[in-house]
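*Asks:* For reference, the structure I am asking about is given below.
A short reminder: the numbers here are calculations on the coordinates, not readings from a lab. What you see is a predicted model, and the numbers here were worked out from it, not measured in a lab. A quick note on method: Cβ atoms are made from the backbone with ideal geometry, for glycine too, and the neighbour counts reach across all protein chains shown.
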């Protein structure tokens, strides 16, 4: 299906509105205490973060992306690939792709975990399909869980532009563990 210029304009307007809505609610960047993290389910953690009751992750400030929506095994992050993220070849560095995707797939998994459980990335595989530059002002990393078990979880994600083009896709395996009290 071809996306028309009008459709892209509508998508961009929606994404920009989502950005403003979320940024108005997110608290300042910071780190939540391990004790507080251990006491909350992933769902409760993200609800508190989106309500501004917990700090937003500092990595989002560094790389100019934010969580837009996280719940029930799904996560959407939105980012602004800019010149500050460029490699020497004049396009966005692969590390930016990996970081926004790692955040999305990890949070999709985290959203399903009960209180007292945490996770860490064991492996992430990213395929960069096309280059990103500042000419694409906004992209989304959309992630879904594949499987969440007792000790490991897997998820998949994709970076898409407002025109529907795929820029990258990824899979991850995460280790699930008991959070230290």
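*Asks:* In percent, what relative contact order does the stretch 13-170 have, based on Cα pairs under 8 Å that are 6 or more apart in sequence?
*Replies:* Relative contact order comes out at 22 percent.
*Asks:* Mind giving me the FRET efficiency for residue 38 and residue 6? R0 is 41 Å, r the Cβ-Cβ distance, nearest 0.05 is fine.
*Replies:* Computed FRET efficiency for residue 38 and residue 6: 0.25.
*Asks:* OK, next. On a 0 to 90 degree scale, rounded to 10, what angle separates helix 94-110 from the longest Cα axis of the chain?
*Replies:* 40 degrees
*Asks:* Okay, moving on. Between residue 129 and residue 165, what length comes free when the chain is fully extended (0.36 nm per residue of separation minus the Cα-Cα distance, one decimal in nm)?
*Replies:* 12.0 nm
*Asks:* Please report, in whole Å³, the volume per residue of the convex hull around the C-alpha atoms of the stretch 1-66.
*Replies:* Output value, Cα hull per residue: 112 Å³.
*Asks:* Among 33, 91, 103, rank each residue by its count of other Cβ atoms within 10 Å, from fewest to most, as a rough exposure measure.
*Replies:* 33, 91, 103
*Asks:* I've got another one for you. So what's the chain giving for Cα Rg divided by 2.2 N^0.38 Å, two decimals?
*Replies:* Against the compact-globule rule of thumb, the ratio is 1.02.
*Asks:* Add -39500 (n - 2.57) for each DSSP H run of 4 or more in the chain, then divide by its residues: what number comes out at 222 nm, to the nearest 500 deg cm²/dmol?
*Replies:* Rounded to the nearest 500, the figure is -10000 deg cm²/dmol.
*Asks:* Work out, step by step, the length gained on full extension between residue 72 and residue 23: first 0.36 nm times the residue separation, then minus their alpha carbon distance; give nm to one decimal.
*Replies:* Length gained between residue 72 and residue 23: 15.5 nm.
*Asks:* Angle between the Cα long axis of helix 5-25 and the longest principal axis of the chain, 0 to 90 degrees, nearest 10?
*Replies:* Computed tilt is about 30 degrees.
*Asks:* Considering just Cα atoms, how many Å³ per residue does the convex hull of the stretch 42-102 enclose?
*Replies:* 79 Å³
*Asks:* Here is a follow-up. Could you please state, rounded to a whole Å, how far the C-alpha centre of the stretch 10-24 is from the C-alpha centre of the stretch 96-164?
*Replies:* The two parts, judged by their Cα centres, are 20 Å apart.
*Asks:* Taking the simple approach of a point 7 Å from Cα along Cα-to-Cβ for both residue 62 and residue 117, what is their distance in nm?
*Replies:* Placing both labels 7 Å beyond Cα along the Cβ direction yields 2.8 nm.
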